[in-house]
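Colleague: Quick one: structure below, then a few questions.
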Amino acid sequence: KIKNARWSQTNKCWYVLLNKEKHREIVKAFKGIATIDQTELHDYLVAKKKASKQALQNNSIKPVISSGRVIKNGYTSKQITVYKSNKIHPVNAHVLPDMEQQLKLKAYSRSTIKTYLNEMAQLLQTINNISADELTPEHLKRYMVYCFEKMLLKENTLHSRINAMKFYYEQVLGRKKFFWEIPRPKKALQLPKLLNEKELAALFNALQNKKHKAMLFTAYSAGLRVSEIVNLKIAHIDSKRMQIFIERAKGKKDRYVNLSPVVLDILRSYIKEYKPPPKIYLFESEQTLTAYPSRTVQQIFTQAKKKAGIIKEVGIHSLRHSFATHLLDKGTDIEYIKDLLGHFNIKTTERYLHVSKKQLVNIGSPFDDLWTSESIDW
C-alpha cells in the first residue's frame with residue numbers, strides 16, 4: 001500500500017525510500033498491529049549523520065578530478081557517460097535509480113531523462129561520500145557557485161543542473177518549495193541566428209542528393225525542428241488540406257503546419273524517383289528502413305553550408321529561425337507564427353521581432369541627416 005515500494009524476489013522483502021515520510025507511513029500502517037524494532041535503523045542514521053557532518057566540516061564539497069579530456073562546458077569525456085559511473089559513492093547509489101523511475105512514471109522524454117540523470121550525477125560525484133539526501137539549500141547554493149566559478153558552466157547548463165536537482169529534491173524526496181531560496185542565474189539574451197535569402201539559395205544549390213534537398217526544403221518551408229523532420233511520416237502529408245501533421249513534437253504537442261504547393265510537388269517527385277521508395281517515414285534510412293538519425297541530417301546541413309561557402313556559425317535550426325523571421329518580414333502576424341512554430345509562450349516567438357527588418361528598414365541613421373545638412377570633411 002506504500003507508494004513506490006518495491007518487492008525483492010531474491011531477498012523476499014519489501015524496499016521503500018529511506019526518508020521521514022516513508023517511515024511515518026510504515027508506523028501508521030502497523031499501528032495497533034505490531035511493534036517495530038528500530039534499533040538498527042536508529043544506529044545507522046546516527047552514524048550516517050555523524051559522517052556527513054564531519055565531511056561537511058572538512059569542506060569535502062570539492063571537485064572530483066578526472067583524467068578525461070576536457071570538452072565543452074567544463075565536462076570531461078569520462079563525465080559525459082555518468083549513469084553507471086563508479087565515482088558515485090555507495091551512500092548515494094540509490095539516487096539515480098530512484099530519480100530515473102520517477103522521471104519515467106511522469107513520462108518525461110528520453111532526452112530529458114538523460115539530461116537530468118547526467119546533471120544529477122555531476123553533483124553526486126562532487127560530494128563524494130556525503131549523503132545527497134542530507135544536503136540543505138545552503139549546501140546547494142555553495143555548489144552552484146562552485147559550478148559557475150570553478151567549472152565555468154554557462155547559464156543554460158546551470159539552469160539545467162538546477163532543474164535536475166529540483167526534480168530530485170521536490171519530486172522524488174517530496175521536499176516542497178525546496179528551491180525557493182536558490183536564485184537562478186540570469187540567462188543572456190541570445191538572438192536567433194538565421195540565413196538570408198541569398199545564403200539559403202546557395203545552401204540549397206550546394207546539395208546534389210534529391211532526398212537531402214527535399215529534407216532541407218521541407219525544414220525551411222514549414223519551420224521544422226530536426227527531430228520533426230526525421231519523424232515525419234508519409235501519412236502526415238495531407239495534400240487535400242495542404243497541411244503537414246507534426247506528431248508529438250517538443251513538449252508532446254501535436255500541431256499542423258502549412259504545406260507549400262512547391263514542396264508538395266518536390267516531395268511527390270522525390271518519392272516517385274527515389275529507390276527504394278520510402279514506405280512509412282518520409283525520409284527513411286536505406287540501411288535500417290527506419291527514420292533518419294537527427295545527427296545525419298545535421299551533418300548534411302553542415303556539409304552543404306561548407307560547400308556553399310557560408311561562414312556564419314549556424315546549424316540546421318537556423319532554417320527554422322529563418323522561416324520565422326522571413327514570415328515577419330512579409331508582414332505575417334506573430335500570433336500565427338507562434339502557432340506554426342508550436343511555441344507554448346508568445347515571448348519565445350517575440351525574439352524574432354529583434355531580428356526582423358520589417359520595421360527597422362525604414363529607420364535611417366541620424367548621421368545621414370547630419371551629413372546632408374552640415375558641412376563635414378572626409
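Every number in this text was worked out from the coordinates using simple rules, so none of it is lab data. In this text, all values refer to a predicted model and were calculated from it rather than measured experimentally. So basically every Cβ, Gly included, is an ideal-geometry build from the backbone, and we count neighbours across all protein chains shown.
Colleague: Hey, got a sec? Which chymotrypsin sites (Phe, Trp or Tyr not before Pro) in region 111-183 land in a DSSP loop and have at most 13 other Cβ atoms within 10 Å?
Modeller: Here the sparse-neighbourhood loop sites are TRP180.
Colleague: Counting other C-beta atoms within 10 Å, and keeping those with at most 12, which DSSP coil trypsin sites (Lys or Arg not before Pro) do you find in region 272-326?
Modeller: Passing both the DSSP loop test and the Cβ count: LYS279, LYS312.
Colleague: Step through the table entries LYS87/LYS150; LYS87/LYS252; LYS114/LYS213; LYS253/LYS347, compare each Cα-Cα distance with 28 Å, and write down the pairs that go over it.
Modeller: LYS87/LYS252; LYS114/LYS213
Colleague: Okay, next question. Which net charge results for the neighbourhood of ILE26, defined as the other residues with beta-carbon distances under 15 angstrom from its beta-carbon, given Lys and Arg at +1 and Asp and Glu at -1?
Modeller: Summing Lys/Arg as +1 and Asp/Glu as -1 gives +4.
Colleague: Could you compute the net charge surrounding GLU199? Neighbours are other residues with a C-beta less than 12 Å from the C-beta of GLU199; K and R count +1, D and E count -1.
Modeller: Result for the local shell: +3.
Colleague: Something else now. For region 203-356, rounded, prolate or oblate, judged on the Cα gyration tensor with a ≥ b ≥ c (square roots of eigenvalues), a/c < 1.5 rounded, else prolate if a/b > b/c?
Modeller: Taking the square roots of the gyration eigenvalues as a ≥ b ≥ c, region 203-356 is oblate.
Colleague: Shifting gears a bit: How many times 2.2 N^0.38 Å is the alpha carbon radius of gyration of region 185-275?
Modeller: After normalising by residue count via 2.2 N^0.38 Å, the value is 1.23.
Colleague: Students often forget the sequence filter, so: which lysines lie under 17 Å Cα-Cα from LYS49 once same-chain residues fewer than 8 apart are removed?
Modeller: Straight-distance partners of LYS49: LYS20.
Colleague: Quick one: net charge of GLN299's neighbours, Cβ under 11 Å, K/R +1, D/E -1?
Modeller: Here the charged neighbours net out to +3.
Colleague: List the aspartates and glutamates whose Cα lies under 15 Å from the Cα of LYS307, skipping any in the same chain that are fewer than 8 positions away.
Modeller: LYS307 reaches GLU199.
Colleague: Taking R0 as 25 Å, what's the FRET efficiency between ASP37 and THR136 from their Cβ-Cβ distance, rounded to 0.05?
Modeller: It comes to 0.25.
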